[in-house]
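Just below is one structure, and these are the notes that go with it.
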Amino acid sequence: MLAGRMLPVVNVGTKSLGDYATIAARGLMHEIRRLAEPLAGKRVVHLSATAFGGGVAEINYTLVPLMADAGLDVEWRIIHGADEFYDVTKRIHNALQGEPGGLTAQQRETFGRYQRLNAERFGGDYDFVIVHDPQPAGMIDAAGDSTAKWIWRCHIDLSSPNPEVLDFLVPSIRRYDAAIFHLEDYVPGGAGLPASYIWPPAIDPLAPKNMALSAEDAAYIVDQFGVDVSRPLLTQVSRFDPWKDPLGVIDAYRLVKARHPDVQLALVGSMAHDDPEGWDYYNRTVAHAGGDPDIFILSNLNNVGSVEVNAFQVHSAAVIQKSVREGFGLTVSEALWKARPTVAGRVGGIVVQVDDGVTGWLVGSPQECARACVEILDDPAAARELALRGKEHVRRRFLMPRLLRDWLALFNRLAGSGAEDVELVTVAV
Ligand code: UDP
């Protein structure tokens, strides 16, 4: 196989586990070291559709270098795709999150053809192959005599999938040695899947997206985008996608504005490479905003990178994540970690992050979303109490060292090198 044709490796830089010692409990850091020992030098590869935009990329930029620092020989490769493929994979993604309609014979053929093409560009002697989401899920069918343990990591909301599209993927998923879901509710029952594990993803508290930023620095950055930093700001950070409901966020903002005329709204959304629908939905969002000068619709094309997202989250009176389907919603943990009052859709993985009325607000409509925002703007001090409790919840459950520990424990189990004592939720399927 020609090296130039191999799937490209993402350069993730380096990170040091030691830097996390002050954030993670000491016991957890010891556990990570203990679990890493038998895995020294094991070869691991992550396969995903894009190195840019969305939660998988966000996680891998920290998880991969931390796995390396723990002693594994790990890399992350991006599969090859073109619009004809991403049109199909977005269709699959939407169907798995419940959209009606199946796949045409042509779409099935396109999906299969790219799986074979990517499998041809993938070779090597790995101990563990981690496949993220449906886009590369079928590569295992063409993997030939691979001796690696294959693990499917599903990041999407599978609580009410379109059965026809799920059935299309299940024969491939059955071949894996393990599958991982965010919630037990997402595990397809009776599908004959491999051992299934439940654990949520995590955020990196030390990444530019989440590192401590002073209120002054955040205001300084947000000001550069034309936001009036002396007036309250509501922000949603999300891809432009129907499941993230940016149009519903605008409707909620308009209801809030009737009570708080000085309120502003920022919709910050990157354009993921594997999301051809994104532009269409971006245009619809801009049209729905109707030229309101207090609505700021920004993306990576306006140079909004990680630090800017951090600044918008830190500066906001409330952070919104009004999803109508959501695998997990890293943005929710990101907001809570910054102790921001957080208003989020009562769906999917969001409900394990936000305890309604205790650590934030769960909402099911623009009206409910607006009511929560008004409550926050009316009494910011009371709202902050909830947010601070939310931050503690994130500290205990959704920071990266815990996720690294879960992965190391699973590798040990699959390799037969122990870790049976480490608590991991396993679901019989
Ligand atoms: N994100 C970003 N810039 C944007 C939009 C999103 O950096 O303009 C990040 C966001 O901060 C989060 C990730 O992309 O870390 C999105 O993950 P999430 O789980 O919320 O949703 P997904 O896109 O995976 O459905």
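Data for the structure
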{"quantity": "Test: residue 418 is in contact (Cβ under 8 Å) with a residue 40 or more places away in the chain, part of a loop (DSSP other than H, G, I, E, B), loosely packed, with under 15 Cβ neighbours inside 10 Å and among the small types (Gly, Ala, Ser)", "calculated": "yes"}
{"quantity": "So residue 268, is it within 11 Å of the ligand (Cβ to nearest atom), open to solvent by 50 Å² or more (accessible area, probe 1.4 Å) and within 27 Å of residue 203 (Cα to Cα)", "calculated": "no"}
{"quantity": "Pairs where the first residue, in the stretch 97-118, is at pLDDT below 95 and the second is among the hydroxyl-bearing types (Ser, Thr, Tyr) and in a helix (DSSP H, G or I), C-beta under 8 Å, 6+ apart", "calculated": "none"}
{"quantity": "Considering residues of the stretch 87-133 that are open to solvent by 30 Å² or more (accessible area, probe 1.4 Å), farther than 22 Å from residue 281 by Cα and among the small types (Gly, Ala, Ser) only, the residue farthest from the chain's Cα centre (by Cα)", "calculated": "105"}
{"quantity": "Out of 314, 324, 347, 304, sole residue that is open to solvent by 10 Å² or more (accessible area, probe 1.4 Å), within 10 Å of the ligand (Cβ to nearest atom) and of a type in the set (Val, Ile, Thr)", "calculated": "304"}
{"quantity": "Residue count for the stretch 287-301, restricted to those that are surrounded by fewer than 20 Cβ atoms within 10 Å (Cβ to Cβ), modelled with pLDDT of 95 or more and within 15 Å of the ligand (Cβ to nearest atom)", "calculated": "1"}
{"quantity": "Long-range neighbours under 9 Å by Cβ, at least six apart or interchain, first residue open to solvent by less than 30 Å² (accessible area, probe 1.4 Å) within the stretch 240-258, second β-branched (Val, Ile, Thr) and away from the ligand (no atom under 16 Å from the Cβ)", "calculated": "252/363; 253/263; 256/263; 256/374"}
{"quantity": "Test result for residue 256, under 17 Å from residue 318 (Cβ atoms) and within 16 Å of the ligand (Cβ to nearest atom)", "calculated": "no"}
{"quantity": "Cβ pairs under 7 Å, 6+ apart, first in the stretch 381-393 and within 11 Å of residue 355 (Cα to Cα) and assigned to a helix (DSSP H, G or I), second among the charged types (D, E, K, R) and open to solvent by less than 50 Å² (accessible area, probe 1.4 Å)", "calculated": "387/340"}
{"quantity": "Filter result for the condition that a residue is more than 16 Å from the ligand (Cβ to nearest atom), out of contact with any helix residue (DSSP H, G or I) (no Cβ under 7 Å at 6 or more places or on another chain) and not acidic (Asp, Glu), over 153, 175, 231", "calculated": "231"}
{"quantity": "Condition check for residue 332: in contact with a Ser or Thr (Cβ under 7 Å, 6 or more places away or on another chain), outside any helix (DSSP H, G or I) and crowded, with 23+ Cβ neighbours inside 10 Å", "calculated": "no"}
{"quantity": "Residue in the stretch 71-90 that is farther than 21 Å from residue 8 by Cα, touching a helix residue (DSSP H, G or I) at 6+ places or on another chain (Cβ under 6 Å) and not in a loop (DSSP other than H, G, I, E, B) present", "calculated": "yes"}
{"quantity": "Whichever residue in the stretch 330-344 is within 16 Å of residue 58 (Cα to Cα) and either touching a Pro at 6+ places or on another chain (Cβ under 8 Å) or basic (Lys, Arg) (or both) and, among such residues, is farthest from the ligand (Cβ to nearest atom)", "calculated": "337"}
{"quantity": "Flag if residue 169 is of a type in the set (A, V, I, L, M) and within 16 Å of residue 137 (Cβ to Cβ)", "calculated": "yes"}
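The values are calculated or read from the model by the stated rules, or taken from the named source; none is laboratory data. These numbers come from a predicted model, not from an experiment. In this analysis, Cβ positions are derived from the backbone assuming ideal geometry, glycine residues included, and neighbour counts consider all displayed protein chains. SASA here: full protein model, heavy atoms, side chains in, ligands and nucleic acids out. Shrake-Rupley method; radii C 1.70, N 1.55, O 1.52, S 1.80 Å.
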